[in-house]
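Report on one structure; see the data block that follows.
The values are calculated or read from the model by the stated rules, or taken from the named source; none is laboratory data. The shown structure was predicted, so the numbers you read here are calculated from the model rather than taken from an experiment. Neighbour counts run over all protein chains shown; Cβ positions are idealised from the backbone, glycine included.
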Amino acid sequence: MDFQEEIEHILSTIKNKRKALGITQKQMAEHISLSQNAYKDIEIGKTKLTLVHLFKILEFLKIDFSELSLKTTKAETPEDEEDIKKLLIQQTKENREIKAMLKKLLEKS
């Protein structure tokens with residue numbers, strides 16, 4: 001999966017969760033201090049999503065950062081599967097650390 005497909009996956013996950021929770025684009029936009037049109041442009045991929053807005057959205061929708069991870073790697077052997085599990089565990093730990101750092105930054109702003 002290339003970078004653009006990963007971005008589309010993230011935006012799709014956000015949109016689906018927003019709709020499942022019954023949150024409108026207007027409500028989301030207000031929460032992250034954007035106009036409804038600006039938020040709509042992010043959600044459809046017309047405008048780039050900043051990290052600050054991403055983490056505000058994830059927090060509002062209660063999406064764990066790890067839910068955005070693309071797990072498209074397939075194991076060919078049991079050893080490969082074990083290696084993949086180890087990498088995913090490491091990635092989850094790193095994601096938690098990144099989320100904590102960004103949360104601190106958001107609290108300061």
- Applying the selection to segment 56-83, what residues are over 14 Å from Thr13 (Cβ atoms) and modelled with pLDDT of 65 or more? Lys56, Glu59, Thr77, Pro78, Glu79, Asp80, Glu81, Glu82, Asp83
- Task: Please state which of the following conditions Ser33 fails to meet, knowing it meets all the rest: (1) polar (S, T, N, Q); (2) loosely packed, with under 15 Cβ neighbours inside 10 Å; (3) in a helix (DSSP H, G or I); (4) at pLDDT 80 or above.
- Result: (3)
- Search result, residues across segment 7-21 that are in a helix (DSSP H, G or I) and farther than 13 Å from Lys48 by Cα: His9, Ser12, Thr13, Ile14, Lys15, Asn16, Lys17, Arg18, Lys19, Ala20
- Item | Members of segment 1-29 that are touching a residue at least 60 places away in the same chain (Cβ under 8 Å) and surrounded by 15 or more Cβ atoms within 10 Å (Cβ to Cβ) | His9
- Positions within segment 41-61 being over 15 Å from Met101 (Cα atoms) and touching a residue at least 24 places away in the same chain (Cβ under 8 Å), in sequence order: Ile42, Glu43, Ile44, Gly45, Leu49, Ile57, Phe60, Leu61
- Of the residues in segment 39-55, how many are surrounded by 15 or more Cβ atoms within 10 Å (Cβ to Cβ) and β-branched (Val, Ile, Thr)? 2
